[in-house]
Amino acid sequence: MTAELLTERRGAVLLLTLSDPATRNALSHGVIAAGIEALNMAESDPELRCVLLCGAGGHFCAGGNLQSLLERRRSGAPAQVRMLEHLHQFIEALRVCPKPVIAAVEGAAAGAGFSLALACDLIVAADDARFILSHGRIGLSPDAGATWLLMQALPRPLVQQLVWLGEPVTAQQLHAWGVVGSVVDQGHTVAAALRLAERLAAMAPNALASGKELVAHAGGRSLAQQLDAERDHFVANLFHANGAEGLNAFLEKRAPKFG
């Protein structure tokens, strides 16, 4: 069966499903290209308010296909460089998409699959889900932004241990560390993530985009720079039509209808 990315609209939510159960949804050029294209489409479609990423067959994503890695090793370094650059474009697309992106993780999120989940804004994980940076076990080092993404959330010694030892981490442990947002029963992650996505889809998209951008850049700015950015975003959102709708709805004690 050929690896593919299944796309489905669920109201204002775009559901993206990594689908190659035989390899636990290992990534391919085609899947990565489809993911980037889907995120670009979601960004430009005002009817889509949120993106949900999941995997088929009871697993999220096993990362790279080891057989393909061996083949690229025989082909020479340039082929692997191209693959990694393509994968990294996918990671960047997840991070810069102005709309909320939620990962629904069942089973294994390994290697670059762990990175994919980390690149999303929120993670909903099954109670039996396992996350692992498996690179070290086969003589490799992390890719797909794993080290950067983990260092945004965890102390350096914890990240170093994950990188070096390649031991699985449970959803419960990552929840306790603040990386996973919520843990649900096995088989219910997509439903739980859809409920969360629908809540976000009902909110003002401009305010959600501002919140994502402000959080993304906060760590690299001084307080003064962040205060300036918050000022600019606040004023822009106040004078947006959704700002008026939100204020009037609150004062009139009704649910807002954001455009």
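Quick one: which residue in 190, 169 is surrounded by 14 or more Cβ atoms within 10 Å (Cβ to Cβ), more than 16 Å from residue 14 (Cα to Cα) and of a type in the set (A, V, I, L, M, F, W, C)?
169
Quick one: count up the residues across the stretch 89-127 that are out of contact with any Leu (no Cβ under 8 Å at 6 or more places or on another chain) and of a type outside the set (A, V, I, L, M, F, W, C).
Of the residues in the stretch 89-127, 7 are out of contact with any Leu (no Cβ under 8 Å at 6 or more places or on another chain) and of a type outside the set (A, V, I, L, M, F, W, C).
Only residues that are more than 16 Å from the chain's Cα centre (by Cα) and under 26 Å from residue 106 (Cβ atoms): list them for the stretch 202-213, please.
Matches in the stretch 202-213: 202 only.
From the list 102, 123, 32, which residue is among the β-branched types (Val, Ile, Thr), more than 20 Å from residue 178 (Cα to Cα) and either at pLDDT 95 or above or loosely packed, with under 15 Cβ neighbours inside 10 Å (or both)?
Only one candidate qualifies: 32.
Could you list, in sequence order, the residues of the stretch 171-215 that are of a type in the set (S, T, N, Q) and over 30 Å from residue 161 (Cβ atoms)?
Listed by number, the residues that qualify are 206, 210.
Would you say residue 216 is in the same structural domain as residue 17 (by TED's automatic domain parsing), in a helix (DSSP H, G or I) and under 19 Å from the mean Cα position of the chain (by Cα)?
So residue 216 does not fit the description; no.
Select from the stretch 1-45 the residues that are small (Gly, Ala, Ser) and either part of a loop (DSSP other than H, G, I, E, B) or touching a residue at least 40 places away in the same chain (Cβ under 8 Å) (or both) and list them in ascending order.
3, 11, 12, 26, 28, 33, 35, 42
Mind listing whichever residues of the stretch 66-89 are closer than 22 Å to residue 148 by Cα and either out of contact with any strand residue (DSSP E or B) (no Cβ under 8 Å at 6 or more places or on another chain) or free of Cβ contacts under 8 Å to residues at least 60 places away in the same chain (or both)?
Correct list: 80, 81, 82, 83, 84, 85, 86, 88, 89.
Among the residues of the stretch 128-136, are any small (Gly, Ala, Ser) and within 26 Å of residue 39 (Cβ to Cβ)?
Yes, that holds for at least one residue.
For the stretch 89-171, which fully contained strands (runs of 3 or more DSSP E) count at least 1 residues that are not hydrophobic (A, V, I, L, M, F, W, C)?
Correct list: 130-132.
Which residue out of 146, 125, 104 is assigned by TED's automatic domain parsing to the domain that holds residue 17 and closer than 24 Å to residue 218 by Cβ?
After ruling out the rest, the residue left standing is 146.
The values are calculated or read from the model by the stated rules, or taken from the named source; none is laboratory data. Treat the numbers as computed from the prediction; the structure is a model and nothing was measured. With ideal geometry, Cβ positions are generated from the backbone for all residues, glycine too; neighbour counts draw on all protein chains shown.
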